[in-house]
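**Student:** So that we are looking at the same thing, I have put the structure below in structure tokens.
The values are calculated or read from the model by the stated rules, or taken from the named source; none is laboratory data. Source: prediction; values computed, not measured. Heads up, the Cβs are rebuilt from the backbone with ideal geometry, glycines too, and the neighbour counts pull from every protein chain shown. The protein model used for the area step is the full one, side chains on, heavy atoms only, and it has no ligands, DNA or RNA in it. Shrake-Rupley method; radii C 1.70, N 1.55, O 1.52, S 1.80 Å.
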Amino acid sequence: MQFYIRCNAIIVSFLFSSGSLFAEKVPAEPVYIITHTISIPGIKYGNTGPMGELESVIIPLKRVGRLFLIEAKIDNLVGNFLFDTGAAQLVLNSTYFRKYMTINDAEGGGITGSTGAIRRTRIEKLDVAGLLYRDLTADVTDLGHIENRRGVKVLGLFGVCMLKGLEMVIDINHNELRLYRLDKTGNRMSVPKIEFRADVTEKVAMYHGILFIKVRIGGKTLDFCLDTGAESNVLNCYASKKVLSTVTILRRSDLIGVGSGEAEVLLGKLNDFVLGEHPILNMQVIIASLGALSASYGYPIDGMLGFDFFEQGEICINLVKNELKISFTKTEKS
């Protein structure tokens, strides 16, 4: 509790100094969900991407609010997984995998603090639209709060490291995830009919199984992780005053993460966000503490790019070249 009050004090001080204090709680507004969860540093899963010879596949994305589901078959159970690039690996909902033998490990970390004790289990087979995985290690945790808030059955989270050796094109405006198998040099093994034409190309880096990209806000270079499981962008409340002063605060809202953690946060608009040389204006952002998440990584996280970033257009991420490309939509808000 003491930690949370200290965080809010910094935000309120910034708001008074900028002359834009407007943060009344609006109860009717929805609770924002950040499904970002991490693997414990030092744990090696051994997952090397999908098996087989399938060179490309288009996976439909089922939209639930600002979250996206993909259908998969795990052993003999068919259901929905949240497509979550903020999760390092495969995360299973303990509600549906109680009979699996698990091993307790250290605690995991999320945006609202500890996710509790992480358990691990082995699964024999996972099939996602013809992409096959065998003998996988998966984290097991309670995802019931996401199901309750969104009214949908969720078997687990499908993390970014499940896509090793692939290029993914995330097109949430058309509810599609397009995957391409890559050769050792990072080139597609099958040539698409329409070439991906990028407006912006930037390098990404992976730390503990999470993708990071450098952005500029208020003239400062910051490290943001890429998280399709975040219903909004997030900016660390401990960012510099120069960075925070670029945000227009709209109201207070609620935030929940993996586990039962919940926090009250400030919701605003980013007015000075630059990727490469391309400004992206008026994206929604939550201002919250990322201290617990940074501590879990042992790496400082300045922010997270969620739904409001991914709706800007088609996002292409090459996991061999460690490269991100964006093709902005014609009606982009920026």
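**Student:** Along the Cα-to-C-beta direction of R197, a point sits 7 Å from the Cα; which residues of the range 314-328 have their amide N less than 19 Å from that point?
**Tutor:** Those under the cut-off are 314-317, 325-328.
**Student:** Name the residues whose placed amide hydrogens come within less than 5 Å of the amide hydrogen of E176, ignoring near sequence neighbours (fewer than 5 apart) on the same chain.
**Tutor:** Those qualifying (amide H under 5 Å, at least 5 residues apart or on another chain) are L61, D171.
**Student:** For L281, project a label point 7 Å along Cα to C-beta. Then give me every residue of the range 190-216 with its amide nitrogen under 18 Å of that point.
**Tutor:** Within reach of a label on L281: 216.
**Student:** If a/c stays under 1.5 just call it rounded; otherwise compare a/b with b/c (prolate if a/b is bigger, oblate if not). Do that for the range 208-280, with a ≥ b ≥ c from the square roots of the Cα gyration tensor eigenvalues.
**Tutor:** oblate
**Student:** Using a cut-off of 11 Å between beta-carbons, work out the net charge of the residues near V169 (Lys and Arg +1, Asp and Glu -1, V169 not included).
**Tutor:** Local charge sum for V169: -1.
**Student:** Could you pull out the pairs from K203/K242; K73/K184; K153/K241 whose alpha carbons sit more than 31 Å apart here?
**Tutor:** K153/K241
**Student:** Further question on the same structure: HN-Hα J couplings of the range 232-239 from phi, Karplus 6.51/-1.76/1.60, θ = phi - 60°, integer Hz, Gly and Pro as x?
**Tutor:** Using θ = phi - 60°, the values come out as 8, 5, 10, 10, 5, 5, 8, 5 Hz.
**Student:** While we're on this one: By how many nm would the segment from N187 to K62 grow when fully extended, if each residue of separation counts as 0.36 nm and the alpha-carbon distance is taken off?
**Tutor:** Result for the pair: 42.2 nm of gain on full extension.
**Student:** In bins 10 Å wide, starting from 0, what share of all Cα pairs of the range 177-248 does each bin hold, as a percent?
**Tutor:** 14, 35, 32, 15, 5
**Student:** Which whole number of Å³ per residue matches the convex hull of the alpha-carbon atoms in the range 178-334?
**Tutor:** Convex hull of Cα atoms, per residue: 124 Å³.
**Student:** Moving to a separate point now. Rounded to whole Å, give me the distance from the Cα center of the range 196-267 to that of the range 58-102.
**Tutor:** 24 Å
**Student:** Relative to the present Cα-Cα distance, how much length would full extension add between T95 and Y207 at 0.36 nm per residue of separation?
**Tutor:** Between T95 and Y207, full extension yields 37.4 nm more.
**Student:** Evaluate the charge dipole of the range 214-258 about its Cα centre and quote only its size in Debye, nearest 20, assuming +1 on the Cβ of each Lys and Arg and -1 on the Cβ of each Asp and Glu.
**Tutor:** Magnitude of the dipole: close to 360 debye.
**Student:** By the scheme Lys and Arg +1, Asp and Glu -1, what is the net charge of all other residues having a beta-carbon under 14 Å from that of R134?
**Tutor:** -1
**Student:** Accessible surface of H208 in the full protein assembly, 1.4 angstrom probe, to the nearest 10 Å²?
**Tutor:** Approximately 80 Å² for this residue.
**Student:** Which log10 I(q)/I(0) values, to two decimals, does the range 148-214 give at q = 0.12, 0.20, 0.26, 0.28 Å⁻¹ under the Debye formula with one point per Cα?
**Tutor:** Debye curve over Cα of the range 148-214, log10 I(q)/I(0) at q = 0.12, 0.20, 0.26, 0.28 Å⁻¹: -0.46, -1.13, -1.46, -1.47.
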